[in-house]
Amino acid sequence: MFRPIKHENQAGWLMLAILFLLILLPLAAVIIQVLLPGVFFGSLKIGDLSLLLDVFRRPLWYASLQNSVYLGIGTTLLATILGGALATVRARYTFATARLLDVSIWLLLVTPSFILAQGWVMFASADGLAASWFGWSGLTDLIFRPSGLVLVMTLSKFPLAYLAIFGAMEWRASRLSEAARMSGASPWTVWRTIEAPLLLPAICSGAMLVFMDTVGDFGLPASIATVFRFPTLPYSIYSALYTSPIRFDMAGALSFYLVVLITLAMTVQLLVMRKARFDVLSSRATKREVRKPRRGAWLFTLSNLVFLAVTLGIPLGSNVLMSVTDGAGSGVSGLTLTHYRTLFSEGSTLLSGLVHSLELASVAAVLSLVIGFLVAYVLTYSQFKLRRTLDVISLVSLAVPGIVLGIGYIFIWNQSWLESIGLLLYGTPWILVLAGVAGAIPVVTRMISGAMAQVPGQLLNAAQMQGASFHQRLLTILAPLTKGALLTAALTAFGSSIFDLAISSILYPPNYMTLPVVINKAFEDLKFGYAAAATLAGAGLVILIIVVLELIVRPARKQARGVSE
């Protein structure tokens, strides 16, 4: 088969260099800072590795490590069980509100954790909506304790396990199950001995995603800190950078333990996956048929509505109510639009923060799209010898918490010698753009790769034989055929970059506020109504922009599809 090896290798090496600069180098900088403290600031000396053991001697560090482990393990267990149970029900049955569950799962997945956590604080705090409106004063002690935070985190992270397990349950090894039933096995035995072991890879993948997302989560501890002291590794890293003097040694040591926790989780998954069997398709798997429950369909509907009212209604509903009332205890009689008027009043930081976030997200989305497109091309069509390495690196930022990536960016881009060549990016908006690109690359690459898998490589080879250059083949053949995926990937990168609280909180330049920072600072100042109004206004505008862009491009997509047919 004719292959444009030269251009493929050039693209492969270029993408490898870019991903190394954006992802691996900042991560390596965190480890180097522990071994050689001060090396990034002009002081070369061997690090005191006993600093790593201080995590077990200093009360705050030890509490942060304990809380992160407790929160990670507890949330992983509960979220995997909850997500697996919901996935099992949804894969087998259809009921009146099933579609509502599907939409809510994705809504929870894309909503930043700090917004969900703020909603729970507004609802369950001592003077929150639950106590003031319903008299549920005991809810404060129930939620604002370690076990309560595990529950709150579970209700926001279970979609990760749900989607992983639900995708695996779409197909079932019917012959194996039928053979077991004919041998006298009960339905429970069939599920326990056949179906559950076959789902083990999906269960482990979902659990690992939950654990990594939980231990690296900055939004929940940042929001909960206003009413309940619960330090975690990400929040303590943030605190180390905003104390006087700045404790880079403390941030590096705590980041090291955060990376260790995630590495251990990935190792456990690999060990489990190595022992799993992948013979479902060889056993003639069939697509699972979703059917209506024989009895108690109303119970499925009612239970789903109650569940969604708690998981989605409480956090988002609390934001809505707080944004249109004078206070938690004002009730319906206190309805007002004062908070929204304040957002757009003279001197408000929301408008500038929103504009900054939109600008940064737009640039990050374009750069992510270009890089993700080329990475997906190399992974799909090329024979680049380090293609597997490129694939692994593109996934690393999905596992590395944003707080750790931000620390690495400070170490890399805060070098005095970079100023002489015009690349001193720390303290400028460009460092936020690069961090946004690094965070979006894994998702963008996967979205585009899926679309490219549907385009035969023979089309590109035929075009090259007719004299089309490498750039012409990408721009005139591959890009138009994957236009839908490119738009979706760009909008996804745009939306995710706007609400990244961890990166914004660490890297935003002086006097350059972004939307997540504006919202979080208002929340820290106990301006709950203003914070809720800012959240809804900002999110509403972002959603409007995404919908308008989708509507503008959709006619062109339909026209192109009609021509091809």
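Of note:
- Segment 287-427 shape via C-alpha gyration tensor axes, a/c threshold 1.5: oblate
- Computed from the C-beta positions of T97 and K385 and an R0 of 51 Å, the FRET efficiency is 0.50 to the nearest 0.05.
- Computed from the Cβ-Cβ distance with R0 of 35 Å, the FRET efficiency linking R229 to F134 stands at 0.85.
- Under the Karplus curve 6.51 cos²θ - 1.76 cosθ + 1.60, θ = phi - 60°, whole-Hz ³J(HN,Hα) for segment 518-534, x wherever Gly or Pro sits: 4, 5, 5, 5, 5, 5, 5, 7, 6, 8, 4, x, 5, 4, 5, 5, 5
- Cβ-Cβ FRET estimate between H471 and E550, R0 fixed at 30 Å, reported to 0.05: 0.65
- Approximating the spin labels as points 7 Å out from Cα along Cα→Cβ, the S348-to-K483 distance works out to 3.8 nm.
- Against the empirical 2.2 N^0.38 Å (N residues), segment 371-486 has a Cα radius of gyration ratio of 1.31.
- The protection proxy used here, the mean number of other Cβ atoms lying within 10 Å of each residue, ranks peptides 129-135, 303-309, 513-519, 446-452 as follows, highest first: 513-519, 446-452, 129-135, 303-309.
- Highest to lowest packing among 375-385, 402-412, scored as the average C-beta count within 10 Å: 402-412, 375-385
- Calculated SAXS-style log₁₀ I(q)/I(0) at q = 0.10, 0.11 Å⁻¹ - the chain, Debye, Cα scatterers: -0.97, -1.17
- Amide H contacts of Y93: R291, each under 5 Å away and 5 or more positions distant or on a separate chain (H built 1.01 Å from N in the peptide plane; Pro and chain starts excluded).
- ³J(HN,Hα) computed for each position of segment 251-267 - Karplus, 6.51 cos²θ - 1.76 cosθ + 1.60, integer Hz, glycine/proline x: 4, x, 5, 5, 5, 4, 5, 5, 5, 4, 4, 5, 5, 4, 4, 5, 5
- Note on S394, S345, S104: ascending count of other Cβ atoms within 10 Å places them as S345, S104, S394, the fewest first.
- Within the chain, helix-based [θ] at 222 nm, where runs of 4 or more DSSP H residues each add -39,500 (n - 2.57), nearest 500: -22000 deg cm²/dmol
- Approximate spin-label separation T267-M182, in nm, with each point projected 7 Å along Cα-to-Cβ: 4.6
- Derived scalar couplings ³J(HN,Hα) [segment 54-65; Karplus, 6.51 cos²θ - 1.76 cosθ + 1.60; whole Hz; x for Gly, Pro]: 5, 4, 8, 10, 8, x, 5, 4, 5, 5, 5, 5
- Under-5 Å amide H pairs with T325, H placed in peptide plane, nonlocal only: T336
Read-outs throughout are calculated quantities, based only on the coordinates presented, and are distinct from any laboratory measurement. Remember, predicted model here, so these are calculated numbers, not experimental data. Backbone-built Cβ (ideal geometry, glycine too); neighbour counts: all protein chains shown.
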